[in-house]
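K.L.:
Okay, here's the structure, questions in a sec.
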Amino acid sequence: MSSSIFLKTIKGEKCNRPPVWFMRQAGRVLPSYLKLREQYSFQELMNNPQLAARVTLLPVNELGVDAAILFSDILVVPEALGMNLVFTDKGPVFSNPLKDKLENINSLKAETNRLSHIYETIGLIKNQLSDNKALIGFCGAPFTTFCYMVQGNSASHSFPEAVKLIYSDRKLAAKLLALITELSVEYALNQVKSGIDAFQLFDTHAGLLPYELYIDWVLPFAKTITSSVRQAGCPVIFFPKGLAGGMKHIGYDVADYVGIDWQDSLAGSRKIIDKNVGLQGNIDPRIFSVNNKQVLFAELEKFKDFGKANYNWIFNAGHGVSPDNLFENVKLTVDWVKSTEWNR
Ligand code: 1CP
């Protein structure tokens, strides 16, 4: 059995505290990352296996989190489908968004060798990661990836053209979702083969659709990915941000764990979600921007009762940490989770 508290917990073992890690833990809040960014662009960092491995390990060493998450991006999948991507100060931008020429969906083709440097990165990370830490691989869920590919940028987080395509041409939308799904399954399984310990599927924009449409029509694509990864023996966390009332439909058939955003409480989510599914989350990351330790510790105290009664829980934030968060607050949170007497 692994000595990693993250892996023990995700595999159902009762531990004396929850494991802790954060979404976006490497690339936003660490002074050492921001320093590296003065020297290299984001794409240089993620496309160079040595540098990407080094960045992946920074939060394990500097924050003391229990798991590392691969330093990459969900948008490598559209790139491998032939789309041209640049990361600008305003976020990712595709030079040929599908909304401008929807028939281009029919000519997208997977170039799988464009992802092979990522498998090399995973190997390098695993060689350096100690046994008591886990490595999380990831990709974007088909719907979130679809939003960026169709819209072409994230200037509007409502991705109007992407949502419109689902209503106006269900068949073409399904074709694109199926293409993304097919490549994502291959990519995820190669991550498993390369040595990741767990996998997270990010559906950051799940909340854009009416949840019945999401559950009936979009979730099956995501489930194809989660099922393949689980069949390969790798535990899966699914993060459908903003799904709200739709969370009651996320059962053990979808994932081992589900990420809870900051809108609902963990206790409230626990009541509606299948008992066999563990929870991950959900402190509001904006609290980390407040320069007052009392405010932080008061918020952390609120997790004690839940953590005492629920051992299938991974401590995380309700979304990614951001550059305006204070490194010290994030570090204090990790220390607090690790030093608290959880009375389990
Ligand atoms: O610690 C880490 O940073 C882990 C690596 C990681 C992950 C898991 C990055 C690096 N991106 C992601 C996932 C990701 N990328 C998601 C899903 C999770 C989430 O919601 O946070 C999404 C939606 C993206 C797309 C993306 N890439 C955005 C968001 C655009 C928007 O809609 O506003 C941005 C800004 C990026 C660039 C990016 N990705 C990662 C980093 C460190 C950065 C910033 C690059 C930099 O300037 O340093």
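The values are calculated or read from the model by the stated rules, or taken from the named source; none is laboratory data. This structure is a prediction, so every number in the text was calculated from the model and none was measured. Heads up, the Cβs are rebuilt from the backbone with ideal geometry, glycines too, and the neighbour counts pull from every protein chain shown. We work out accessible area using only protein heavy atoms, side chains counted, and drop any ligands, DNA or RNA first. Shrake-Rupley method; radii C 1.70, N 1.55, O 1.52, S 1.80 Å.
K.L.:
So for segment 73-83 (the condition being in a helix (DSSP H, G or I), more than 23 Å from Glu328 (Cβ to Cβ) and open to solvent by 20 Å² or more (accessible area, probe 1.4 Å)), does at least one residue qualify?
P.N.:
yes
K.L.:
Related question: Can you report the number of residues in segment 35-53 which are in contact (Cβ under 8 Å) with a residue 12 or more places away in the chain and open to solvent by 60 Å² or more (accessible area, probe 1.4 Å)?
P.N.:
Adding up the residues that qualify gives 2.
K.L.:
From the list Leu332, Leu300, pick out the single residue that is surrounded by fewer than 21 Cβ atoms within 10 Å (Cβ to Cβ), out of contact with any Phe, Trp or Tyr (no Cβ under 6 Å at 6 or more places or on another chain) and hydrophobic (A, V, I, L, M, F, W, C).
P.N.:
Values: Leu300 fails: out of contact with any Phe, Trp or Tyr (no Cβ under 6 Å at 6 or more places or on another chain).
The match here is Leu332.
K.L.:
Which of the residues belonging to segment 305-326 are within 21 Å of Ile136 (Cβ to Cβ) and either small (Gly, Ala, Ser) or assigned to a helix (DSSP H, G or I) (or both)?
P.N.:
Those that are within 21 Å of Ile136 (Cβ to Cβ) and either small (Gly, Ala, Ser) or assigned to a helix (DSSP H, G or I) (or both): Gly307, Ala317, Gly318, Gly320, Ser322.
K.L.:
Leu63 - would you say it is more than 9 Å from the ligand (Cβ to nearest atom) and open to solvent by less than 10 Å² (accessible area, probe 1.4 Å)?
P.N.:
Here the answer is yes, as Leu63 does meet what is asked.
K.L.:
Could you grab me the full set of residues in segment 157-173 that are without any contact (Cβ under 8 Å) to a residue 40 or more places away in the chain and among the aliphatic types (A, V, I, L, M)?
P.N.:
Selection gives Ala173 alone.
K.L.:
Limited to segment 123-175, what total is found for residues that are part of a loop (DSSP other than H, G, I, E, B) and within 16 Å of the ligand (Cβ to nearest atom)?
P.N.:
Qualifying residue count, segment 123-175: 10.
K.L.:
Of all the residues that make up segment 1-21, how many are outside any loop (DSSP other than H, G, I, E, B), open to solvent by less than 50 Å² (accessible area, probe 1.4 Å) and not β-branched (Val, Ile, Thr)?
P.N.:
Residues that pass the stated criteria total 2.
Each row is one residue, and each column tells you yes or no for (1) within 16 Å of the ligand (Cβ to nearest atom); (2) surrounded by fewer than 15 Cβ atoms within 10 Å (Cβ to Cβ).
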{"residue": "Gly245", "(1), (2)": "no, yes"}
{"residue": "Val254", "(1), (2)": "no, no"}
{"residue": "Arg270", "(1), (2)": "no, no"}
{"residue": "Pro285", "(1), (2)": "yes, no"}
{"residue": "Asn291", "(1), (2)": "no, yes"}
{"residue": "Asp305", "(1), (2)": "no, yes"}
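K.L.:
Considering only segment 87-120, how many residues are closer than 18 Å to Asn153 by Cβ, in contact with an Asp or Glu (Cβ under 8 Å, 6 or more places away or on another chain) and assigned to a helix (DSSP H, G or I)?
P.N.:
So the answer is 2.
K.L.:
Report whether or not Asp89 is over 25 Å from Thr226 (Cα atoms) and among the charged types (D, E, K, R).
P.N.:
Yes.
K.L.:
Taking only segment 23-44 into account, find how many residues are assigned to a loop (DSSP other than H, G, I, E, B) and among the hydrophobic types (A, V, I, L, M, F, W, C).
P.N.:
The total comes to 4.
K.L.:
Out of all the residues in segment 94-104, is one or more of a type in the set (Ser, Thr, Tyr) and within 15 Å of the ligand (Cβ to nearest atom)? Step through it out loud before you land on a result.
P.N.:
Step one: list which residues in segment 94-104 are of a type in the set (Ser, Thr, Tyr), which gives 95.
Within this subset, residues satisfying the condition of being within 15 Å of the ligand (Cβ to nearest atom) are none.
No: zero hits.
K.L.:
May I pose another question? Which one is surrounded by the fewest Cβ atoms within 10 Å (Cβ to Cβ) among residues in segment 232-243 that are under 20 Å from Leu7 (Cβ atoms) and of a type in the set (A, V, I, L, M, F, W, C)? Can you show your working first?
P.N.:
To start, the set of residues in segment 232-243 that are under 20 Å from Leu7 (Cβ atoms) comprises 232-239.
Next, from what is left, pick out any that are of a type in the set (A, V, I, L, M, F, W, C): 232, 234, 236-239.
Working: Ala232: 13, Cys234: 21, Val236: 21, Ile237: 24, Phe238: 26, Phe239: 26.
Per the stated criteria, the residue is Ala232.
K.L.:
With the structure loaded, tell me whether Ala110 is surrounded by 14 or more Cβ atoms within 10 Å (Cβ to Cβ) and either farther than 29 Å from Val163 by Cα or within 10 Å of the ligand (Cβ to nearest atom) (or both) or whether it fails that test.
P.N.:
Considered against the rule, which asks whether it is surrounded by 14 or more Cβ atoms within 10 Å (Cβ to Cβ) and either farther than 29 Å from Val163 by Cα or within 10 Å of the ligand (Cβ to nearest atom) (or both), Ala110 comes out as no.
K.L.:
Then there's this: Quick check on segment 208-231. Is at least one of its residues crowded, with 22+ Cβ neighbours inside 10 Å and assigned to a strand (DSSP E or B)?
P.N.:
No, every residue in segment 208-231 fails to be crowded, with 22+ Cβ neighbours inside 10 Å and assigned to a strand (DSSP E or B).
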